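Read through the structure below, which is laid out as structure tokens, and then see the notes.
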Amino acid sequence: MALRLSALQRLARLAVVSAFIVLGTAFAWAQLPEKNPNEQHLIFWRYPDNYLENQARVAFTAIDEVLQAYPPQKEMPLPRKMALIALDQLLHDTHNDKAEPFYTFINTRMQRMLEDMERPVNKGMRIYKLYNDGFIIKTKYATVAVDLIPGGTKDHPFIADSIIYKIAGQCDAMFISHFHGDHANLNIAKAFASRGKLVIAPKGLWVGVDPMIQQLLVADTVVDVPFNDLKMTLHILPGHQDDIPNNIYVMEFDKCGTVAHTGDQWNEEDIVWIDDVHKKYDIDILLPNCWINQMERSLKGFGPKLVITGHENEMEHTIDHREAYWITMKKFERMPNLHIPNVLMTWGESYDYKR
Ligand SMILES: [Zn+2]
Ligand SMILES: [Zn+2]
């Protein structure tokens, strides 16, 4: 027989249940370490976003420590591989895109890199990897930047103005591959120009802005630009991203080495002349976009002694085109006959190369 409760009984039962809840909650709070704020900070019950942010902060910090302990090298040790894969995971979780742990991570590393740039290069070349496809090459005589950008928006850049402009201040010249915002930033270009430093831009970009910002007048031809003060010669090769002009820069540093940067090279026609680049230039280091068209064929065309891929984890892309480090690792595993090592690097790292 179904038990039927009167309204009064139901009220009484509700009162008892409520009393248990109140007492239970009070007991639970009594168990929380209110007297120990250090422990209280690590309890995230009912605050999942807060939990994820704290987890990201701990993970970014640990990754930063592992990467410092295992710096870039030809044979990647397992802890470094794990750190880069963990970084991919964090950078493909959109919770972290505009969150404080990400900004702290990248700016801590960029500030450290800025301080490291004071360290002289006596022989060969030092390559710094910056955000996205940005690189700085430093020799005894020259420090040049390619595709240097802060990332993010003007109001909330990934790399703080206070750091990126000091990095720009350390450089003697800048070369821009093509107009896309993940490679070209007018304010950074103006910072170079205002200090009397030359900026080379592709055809049609920033025309008339400043006499120190110089464009290629003709696309689709090779142009050589001597930089006598910097003891280097810049060879500009007419690449393309689809049909957009994309300068490929071959930077020949006297007695120090030659570095080529491919920008966002992706084009079916150019691959024919790229096949022969190694016949004209003795390239030590190639800095290709990690999703370059026909990677194995392109790398053989340039024929470098060493590769340092760029453009991984471009945070302005959706996560399917953020190009994880682990994808670059897989691509190289699948080219066993290439025999060109890839020194896989992340933001703010450097690699010293001697011929
Ligand atoms: Zn592009
Ligand atoms: Zn790009």
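The values are calculated or read from the model by the stated rules, or taken from the named source; none is laboratory data. Keep in mind that what you see is a predicted model, and the values were worked out from it rather than measured. So basically every Cβ, Gly included, is an ideal-geometry build from the backbone, and we count neighbours across all protein chains shown. Only protein heavy atoms, including side chains, enter the accessible area calculation; ligands, DNA and RNA are left aside. Shrake-Rupley method; radii C 1.70, N 1.55, O 1.52, S 1.80 Å.
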(request) Output the residue which, of all residues in the range 285-344 that are part of a helix (DSSP H, G or I) and acidic (Asp, Glu), is least open to solvent (accessible area, probe 1.4 Å). (result) GLU296
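Does LYS280 count as free of Cβ contacts under 8 Å to residues at least 60 places away in the same chain and more than 23 Å from HIS183 (Cβ to Cβ)? Even if it seems obvious, please write down each step before you answer.
Details: free of Cβ contacts under 8 Å to residues at least 60 places away in the same chain: yes; more than 23 Å from HIS183 (Cβ to Cβ): yes.
Yes; evaluated as a whole, the condition is true for this residue.
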